[in-house]
Amino acid sequence: MTDKERAYYTEHIRGLLSEDRFQHSVNVSHQAVKLAQIYGCDLHQAELAGLLHDVMKDAGKKEQLALMEKYGVRLSRIESNAPKLWHAMTGAVYVKHILAIEDEDVINAIRYHTTGRAGMSLLEKIIYIADCTSEERNYKGVERIRKLAVTDLNEVMAEALMDSLQKRLVDHTPMHPDTVEAYNEVILAKKQQA
Ligand code: FE
Ligand code: FE
């Protein structure tokens, strides 16, 4: 990313996000670049998607619903009942239609950074993992996940998806089918390797 692009997008999200969320976004972009270097992903895509992944996270429900309405995003029953998932969908719409970013891989990395999905690209996995291993994250077990993130991308995906689904069970909240499909895929791939 050129200095000019970085400054532009950084200022853009600074205007849309709380201070904490802004710092998180910057940290995710740094972590995404680090992972991209390790796994041979495009650094520009990683930095851009990392910086913008939560661009809609602090937007209100009304604003997000209006954006989805305008661009024809239909919510499933599970999605309607999980506003926390909306910012991934609206974030993808935002970067595509408002920021005029055309890179489908970057758009999809933002679109699926919360749920994951089956058949994730390298960039999508990197953003998913960068989001849960960024510098300021301090949940229980983060050190182990962080270590795994820099050694085995598929293994850390498996762990992160298991954590996510486990949380749904413990909290008695619905699982998004995309997360279940992502989990099934990595688990079957592991079995085949063994
Ligand atoms: Fe997010
Ligand atoms: Fe995030």
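For the range 6-58, a residue qualifies if it is acidic (D, E) and crowded, with 20+ Cβ neighbours inside 10 Å, and the qualifying residues are E47, D54. Of the residues making up the range 95-106, not a single one is aliphatic (A, V, I, L, M), out of contact with any Lys or Arg (no Cβ under 9 Å at 6 or more places or on another chain), farther than 27 Å from E69 by Cα and crowded, with 16+ Cβ neighbours inside 10 Å.
Suppose we keep only residues that are more than 16 Å from ligand 1 (Cβ to nearest atom) and basic (K, R) within the range 120-149. Which one would you say is farthest from M175 (Cα to Cα)? Ranking the candidates gives K147 first. Of all residues in the range 132-154, those being under 20 Å from Q37 (Cα atoms) and small (G, A, S) number 2. Beta carbons closer than 7 Å, at least 6 apart along the sequence or on distinct chains, never pair a first residue in the range 108-119 that is under 10 Å from A49 (Cβ atoms) and within 11 Å of ligand 1 (Cβ to nearest atom) with a second that is open to solvent by 40 Å² or more (accessible area, probe 1.4 Å) and part of a loop (DSSP other than H, G, I, E, B). Among the residues of the range 125-180, those that are of a type in the set (S, T, Y) and open to solvent by less than 50 Å² (accessible area, probe 1.4 Å) comprise Y128, T133, S134, S164, T179. Tell me, which helices (runs of 4 or more DSSP H) wholly within the range 1-69 include 1 or more residues that are within 11 Å of ligand 2 (Cβ to nearest atom)? Result: 19-39, 43-52.
Of all residues being in a helix (DSSP H, G or I) and touching a residue at least 60 places away in the same chain (Cβ under 8 Å) in the range 126-137, which is farthest from the chain's Cα centre (by Cα)? Just the residue, please. Among residues in the range 126-137 that are in a helix (DSSP H, G or I) and touching a residue at least 60 places away in the same chain (Cβ under 8 Å), the one farthest from the chain's Cα centre (by Cα) is T133.
Scanning the range 73-115 for residues that are under 19 Å from G60 (Cα atoms), within 14 Å of ligand 2 (Cβ to nearest atom) and among the small types (G, A, S) gives A88, G91, A92.
The values are calculated or read from the model by the stated rules, or taken from the named source; none is laboratory data. Predicted model, so just to flag it, every value in this text is computed and none were measured. Using ideal geometry, Cβ is built from the backbone for each residue, glycine included, and neighbour counts are taken over all protein chains shown. Calculation scope for accessible area: heavy atoms of the full protein, side chains included, ligands and nucleic acids excluded. Shrake-Rupley method; radii C 1.70, N 1.55, O 1.52, S 1.80 Å.
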